[in-house]
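Structure, as structure tokens:
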Amino acid sequence: MLVFDQARHACNHNYMNTPQADPRPADDAAGPDSDTSASNQSAGKANATEEVRGWFTGRLPGDWFTAAPDIQADREEITIVGVLPAPETAGASDAERAAAAEGRIRRFREETRGRRIEIAREAEHKFRRKVSWGVTCADVSEMFTTLSVPVMTRLRQPERRVLDTLVEAGVARSRSDALAWCVRLTGENADAWLARLRDALRHVEEVRDQGPGRA
């Protein structure tokens, strides 16, 4: 019995002294390489967006729109917005021109439904993202489909009070609705600034791709 107890004690001692795995996340050991990884991800995102635009440019029928459509993409959705030829409405009133544009949009939507569904399915399978369609005709714009994606965020009290003020004033139904309202307002009033910012980011990505070590 004494021999057995000594053996069990030695076994427990060895178990307790077994080196344990480092609990730190793998990213902690990355050091300066994490910056390189972020740069590579940014460059990869730009290349993926260019691939999406190139694919749709080649896949869409050439007679659908008057010019190349505006193609935007993020992690969840690809949006294609094209311009339709305006109907002949010389001498017509504003109401008549608007009605004619709405009719042209409706006709396009019905006549291209099957092809758009086919192209969207191909793109969703290839890029793993939903596809949304929209058109502009004269002064009328319409999105046929669009994806609403929840976005989580953390706000401090002053920021939450802004949202609560919008809710209390009846501008928004809830905090989430108020936040979406703020984003829309920012986009509407800062289109030029956001466009310059996106152009600057694309320029940074192009310069990075031309840097040393890039094949």
Quick one: ASP74 ticks every box in (1) over 30 Å from GLU50 (Cα atoms); (2) modelled with pLDDT under 90 except a single one, so which number is it? (1)
Exposed (fewer than 12 other Cβ atoms within 10 Å of the Cβ) and under 30 Å from ASN47 (Cα atoms) - does that describe any residue in the stretch 157-168? no
Residues being touching a strand residue (DSSP E or B) at 6+ places or on another chain (Cβ under 8 Å) and of a type outside the set (Ser, Thr, Tyr) - total across the stretch 119-174: 17
Here is a list: SER176, SER148. Which entry is in a helix (DSSP H, G or I) and among the polar types (S, T, N, Q)? SER176
Flag if ALA99 is assigned to a helix (DSSP H, G or I), small (Gly, Ala, Ser), more than 23 Å from ALA68 (Cβ to Cβ) and in the same structural domain as ALA67 (by TED's automatic domain parsing): yes
Tell me, which residue of the stretch 113-159 that is among the aliphatic types (A, V, I, L, M) and more than 19 Å from GLU77 (Cα to Cα) is farthest from the chain's Cα centre (by Cα)? ALA138
Condition check for ALA169: free of Cβ contacts under 8 Å to residues at least 40 places away in the same chain and within 19 Å of the chain's Cα centre (by Cα): no
Looking only at the stretch 50-62, decide whether some residue is at pLDDT below 90 and among the β-branched types (Val, Ile, Thr). no
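Within the stretch 160-172, is even one residue basic (Lys, Arg) and either touching a Gly at 6+ places or on another chain (Cβ under 7 Å) or farther than 20 Å from GLU77 by Cα (or both)? Steps first, answer last, please.
Here is the first cut: in the stretch 160-172, the residues basic (Lys, Arg) are 160-161.
Add one more test, that the residue is either touching a Gly at 6+ places or on another chain (Cβ under 7 Å) or farther than 20 Å from GLU77 by Cα (or both), and what stays is 160-161.
Yes, there is a match, as at least one residue in the stretch 160-172 is basic (Lys, Arg) and either touching a Gly at 6+ places or on another chain (Cβ under 7 Å) or farther than 20 Å from GLU77 by Cα (or both).
The values are calculated or read from the model by the stated rules, or taken from the named source; none is laboratory data. As the structure is a computational prediction, the values presented were derived from the model and not from experiment. We place every Cβ from the backbone using ideal geometry, glycine too, and count neighbours over all the protein chains shown.
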